[in-house]
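> After the structure tokens below, expect a handful of questions from me.
Values in this text are rule-based calculations from the coordinates and carry no lab data. Just so we're clear, the structure is a prediction, and the values are computed from it rather than from any experiment. Cβ: placed from backbone, ideal geometry, glycine included. Neighbour counts: every protein chain shown.
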Amino acid sequence: MEGFLGSQAGYRSDLNLTIQVLMGMALIFGGFLARAKRFVAHGICQTAVLLLNLASISFWMWPSFHSHVLPRLPKRLGKRFYAVATIHGALGVLAEIFGLYIVLVAGTKILPETWRLKRWKRWMRVELALWWFVLMMGALTYWVWYGG
């Protein structure tokens, strides 16, 4: 099915990119919720984005990476098509795992006290910055793959 963003991408790729941008904006909105001391709403917003992204990784991004990029690594890592996708994927996994860690620490008592974060604000800002960097790498991947 043909996409809707005017590139050579298909509908699913266009939809995923659009959803990712909306999720990035939702994360910033969630940051404003925290600033307004609406911590429960902040947690719900950020966790919802994290879980939606996990679904997106599982059903769209990983299958694409697994079939189009992974079989050609490390031989073709020097080519832009593969390098950009690999950097995006590696940093994306890091951002998702770190986000899951933050949710576990902030929303549960599963992890022992010694594993818990100190200085919440700093680490959540690091995660937000990492997430946005990964989002920009995803947009770059889209552009390199589909000539956006």
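> So what are the three principal axis dimensions of the range 5-86 from its Cα atoms, in whole Å, longest to shortest?
49, 29, 20
> Kindly provide the helix-only [θ] at 222 nm of the chain, computed as the sum of -39,500 (n - 2.57) over DSSP H runs of four or more divided by all residues, to the nearest 500 deg cm²/dmol?
-24500 deg cm²/dmol
> Out of these labelled values of Rg and Dmax of the Cα atoms in Å, [x] 17.9, 53; [y] 14.2, 39; [z] 16.7, 51, which was calculated from the coordinates shown here?
[z]
> Treating only the Cβ of Lys, Arg, Asp and Glu as charged (+1, +1, -1, -1), what charge dipole size does the chain show about its Cα centre? Round to the nearest 20 debye.
580
> Taking the Cα-to-Cβ direction at Ala90 and at Ala26 and moving 7 Å from each Cα, how far apart do the two end points lie in nm?
Once both label points are built, they end up 2.9 nm from each other.
> Counting alpha carbon pairs within less than 8 Å and at least 6 residues apart, what relative contact order, in whole percent, applies to the chain?
30
> Right, next: Cα-based count: Lys pairs in the range 11-146 below 26 Å, eight or more positions apart or different chains? Before the final figure, lay out each step's value.
Values: Lys37/Lys109; Lys37/Lys118; Lys37/Lys121; Lys109/Lys118; Lys109/Lys121.
Close lysine pairs found across the range 11-146: 5.
> Note the full-extension length gain between Ala83 and Ile44 as 0.36 nm times their separation in residues minus their Cα-Cα distance, in nm to one decimal.
The Ala83-Ile44 span can extend by a further 10.6 nm.
> If I model a spin label as a point 7 Å beyond the Cα along the Cα-Cβ vector, how far apart are those points for Lys121 and Ser58 in nm?
Placing both labels 7 Å along Cα→Cβ, they lie 3.5 nm apart.
> In what sequence, highest mean first, do 70-78, 98-106 appear when ranked by Cβ atoms within 10 angstrom?
Those peptides, ordered most packed to least, come out 98-106, 70-78.
> Using label points projected 7 Å from each Cα along Cα→Cβ, tell me how many nm separate Lys37 and Ala139, to one decimal.
3.5
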